[in-house]
Amino acid sequence: MKLMYERDLSPMKLTSLNGVRQNAAAIALSKRLGISRQRMRKILIAKCDLITLENLGSRYDAAEIQAASDEIGNALSLHHLSTAAGLLSKERADHYRALAQEKEADLSDIRRAILEEIS
Amino acid sequence: MKKVVDVSLPVGPIHPCFKEPCRIKCETRGERVVTTEVELGYVKKGIEKIMIGRPWQETIFLAERVCGICSVVHNTVIVEALEKISGITVPRRAGLLRLILNELDRIQSHLLANYSYCYTIEHETLGMYLLNLRETAMDSLEMMTGTRVMAAYVVPGGVREDLSADNAAKILEATYHIEAELKRFVRMFETGPMIGLRSKGIGVLSMEDALASGVVGPTARAAGLSRDARKEDPLYLEMGWHMITRTESDNYARIMLRFDELYQSLTLIRNGIAALEPGKIRNGGEMKAGRIKHTIEAPRGDLTYDIEIDSAGQVVFVSIQTPSIPNIEVATHAMMKNLASAADVTSTFISADPCIACAER
């Protein structure tokens, strides 16, 4: 007997990401990370649960408000990746923030490391 | 969900406490629920896609089909959006009738939500009292619109039917009946020791989680957030509306906040009926092309329609943002996280008044 409990939800997740607000949020996230929409979708489908994807639009808006008053967080998309998508834990976001605050820190290197971590 | 703990406990998709199918997957450690995940997709309707390409007249009826509980508010928000695109004005009498209807809808929705909560904590007696009281609100809705649900009462430029003085008096009488009964039931809820044990300090939503998730409606207001689209509506302000919030942010606060809002809705209806003056109930107008994003306060929170109409009157784009989506999400990831008992999963979930039909638009 095939158990329904751990069934593959990827098609449902893709349906959710096709929603207007969800799609807009996924595109905005992909632009922030400098990756294709398709790759962003793959990451979101692999790492996020169904209801997080459904609420991606509202969470993205909330992250935008938080990022508006946080220069480093905005530059590294820390709020967007932790608050909005839950791809990065609070601890890891703080770790990257601390790295960025170090003298002569290269933000593009940190961005690359973040992308590697969430992929 | 990766299994990292003792038992993965599935609740649903068919469960006596749920009005509609959804599955909650709980990861437990002993009796404690560590994390939860909600699985939707059992009753996906695809109404947004069905609307595209159809004339606006049909979309009014389709919008009502998003939700059987709050069909009135879906009808109202889409019509108001169409009116704003075309610059159609509404006579004062029709505006007041819309307000009365929407508040009756809020009363029946809040009573149903609180009934569901009482049912999940096994206080069926109070639950049935509330469900019985809801019938008075449903009778008033039927008296006003001719049917209990999906009435298509709100039409561009006004409302479909007038309210006679006789029926207005009956609705007024119903509000006094609801208020008198409600006082008794609220006292039962406030003072019930078992209700307190099952509700106070359970399913607490922190301010940080509330802000991050974009939670709306009574769930947000019970967490201390002043979020209510009615504060932007001059007619509501004229009728004496004010923001109601609580700070405890637990299951008890969410239910009590809905009770508090019921009293306010009764007052708004009475003030609305008192302000009714003879006059026309519908203005004329012509539908124009355009796009608008319009939000009004549904019983569960902000309901937004982003809609675009072309010059032929066809819908070319529509996005419906229902309040249940953020509310279910925050219930899953914040309110039901680290619950002391698996028995609190259903009650905490229901306290957020999740409408699966709205989420599965």
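Give me, ordered by chain and number, the residues 5 or more places off residue B:158 or on other chains with an amide H under 5 Å from its own placed amide H. Distant-sequence amide H within range of residue B:158: B:283. With the simple spin-label model, which puts each label point 7 Å out from Cα in the Cβ direction, the residue A:102 to residue B:206 separation comes to 2.8 nm. Of all the options B:220, B:342, B:137, the one that moves most in a Gaussian network model of chain B with Cα springs shorter than 10 angstrom is B:342.
Determine the shielding of peptide A:7-17 by partner chains: average, over its residues, the number of Cβ atoms on other chains within 10 angstrom of each Cβ. Write down the numbers at each step before the final one.
Numbers: counts 1, 0, 5, 0, 1, 5, 1, 0, 3, 4, 0.
Average per residue, whole number: 2.
Its relative contact order, with pairs defined as Cα atoms under 8 Å and 6+ residues apart, puts the range B:7-360 at 26 percent. Surface composition of chain B: carbon plus sulfur atoms hold 53% of the accessible area, using a 1.4 angstrom probe and ignoring ligands, DNA and RNA.
When a/c reaches 1.5 or more, the comparison of a/b and b/c decides; with that in mind, is chain B rounded, prolate or oblate per its Cα gyration tensor? Kindly include the intermediate steps, with their values, before the conclusion.
Numbers: a/c = 2.13, a/b = 1.38, b/c = 1.54.
Because a/c hits 1.5 or more and a/b fails to exceed b/c, chain B counts as oblate.
Note on the range B:27-105 and the range B:192-246: Cα centroid distance 20 Å, given to the nearest whole angstrom.
Were the residues from residue B:190 through residue B:312 laid out at 0.36 nm apart, the gain over their Cα-Cα distance would be 38.4 nm.
Counting heavy atoms of the protein chains only and a 1.4 Å probe, report the per residue accessible area for the range A:10-118 as a whole number of Å². Walk me through the numbers before you get to the answer.
Numbers: 5210 Å² over 109 residues.
Accessible area per residue: 48 Å².
The angle between the Cα long axis of helix A:20-33 and the longest principal axis of the Cα atoms of chain A comes to about 40 degrees, rounded to the nearest 10.
May I ask for the accessible area buried between chains B and A, both sides summed, probe 1.4 Å, to the nearest 100 Å²?
Working: alone 14510 and 7410 Å², together 19680 Å².
Approximately 2200 Å² gets buried when B meets A.
How would the range A:10-118 be classified by its alpha-carbon gyration tensor: rounded, prolate or oblate, with rounded meaning a/c under 1.5 and the a/b versus b/c comparison settling the rest? Because a/c hits 1.5 or more and a/b exceeds b/c, the range A:10-118 counts as prolate. Roughly what angle does helix B:71-86 make with the longest principal axis of chain B, taking Cα atoms, 0 to 90 degrees, to the nearest 10? Tilt relative to chain B: about 50 degrees.
Using 1/(1 + (r/R0)^6) with R0 = 60 angstrom and r between the beta carbons of residue B:238 and residue A:10, what's the FRET efficiency to the nearest 0.05?
Working: r = 51 Å, r/R0 = 0.85.
E(calc), rounded to 0.05, equals 0.75.
Taking the range B:234-295, how much of its Cα-Cα pair set, in percent, is spaced more than 15 angstrom apart?
Values: 1304 of 1891 pairs.
Within the range B:234-295, distances greater than 15 Å cover 69 percent of Cα pairs.
At 7 Å along Cα-to-Cβ for each site, give me the label-to-label distance between residue B:181 and residue A:46 in nm. In this crude spin-label approximation the distance works out to 5.6 nm.
A Cβ-based charge dipole, computed about the Cα centre of chain B with Lys and Arg at +1 and Asp and Glu at -1, lands at about 340 debye.
Where does the charge balance sit around residue B:15 when Lys and Arg score +1, Asp and Glu -1, over other residues with C-beta under 13 Å from its C-beta? Show your work: numbers first, answer last.
Details: positive: B:19, B:23, B:25; negative: B:20, B:39.
Result for the neighbourhood of residue B:15: +1.
With contacts defined as alpha carbon pairs under 8 Å and 6 or more residues apart, what's the relative contact order of the range A:35-119 in percent? Mind dumping the intermediate values first?
Numbers: 60 pairs, mean separation 21.9, N = 85.
Worked out over the range A:35-119, it gives 26 percent.
Cβ neighbours within 10 Å, averaged per peptide: list B:62-72, B:146-156 in order, most packed at the top.
Descending packing order for the listed peptides: B:62-72, B:146-156.
Where Lys and Arg each count +1 and Asp and Glu each count -1, what net charge lies around residue B:154 among other residues with Cβ under 12 Å from its Cβ? Net charge around residue B:154: -2.
For chain B, the longest principal axis of the C-alpha atoms and the axis of helix B:165-191 are separated by about 10°. Taking K and R as +1 and D and E as -1, what net charge do the other residues with C-beta under 14 Å from the C-beta of residue B:192 add up to? With Lys, Arg at +1 and Asp, Glu at -1, the net is +1.
Heavy-atom accessible area per residue, chain B, 1.4 Å probe: how many Å²?
Working: 13440 Å² over 361 residues.
Value for chain B: 37 Å² per residue.
Report, for chain B, the % of DSSP beta bridges that are antiparallel, rounded to 5. Expressed as a percentage, antiparallel bridges in chain B total about 100. Note on residue B:226 and residue B:19: with the Förster distance fixed at 25 Å, the Cβ-Cβ geometry gives a FRET efficiency of about 0.30. Taking the Cα centre of the protein assembly as shown as reference, the dipole from Cβ charges on Lys and Arg (+1) and Asp and Glu (-1) amounts to some 880 debye.
Averaged over the residues of peptide A:52-64, the number of Cβ atoms from other protein chains lying within 10 Å of each residue's Cβ is 5. A crude spin-label estimate for the pair residue A:24 and residue B:65, with each label 7 Å from Cα along the Cβ direction, gives 2.6 nm.
Counting only other chains, what is the mean number of Cβ atoms within 10 angstrom of the Cβ of each residue in peptide B:206-219?
Working: counts 0, 0, 2, 1, 1, 4, 11, 7, 11, 3, 1, 0, 0, 0.
Counting other chains' Cβ atoms within 10 Å and averaging over B:206-219 gives 3.
The values are calculated or read from the model by the stated rules, or taken from the named source; none is laboratory data. All values reported here derive from a predicted model rather than from experimental measurement. As a convention, Cβ positions derive from the backbone with ideal geometry for all residues, glycine included, and neighbour counts pool all protein chains shown. Heavy atoms of the whole protein, side chains included, go into the accessibility calculation; ligands, DNA and RNA do not. Shrake-Rupley method; radii C 1.70, N 1.55, O 1.52, S 1.80 Å.
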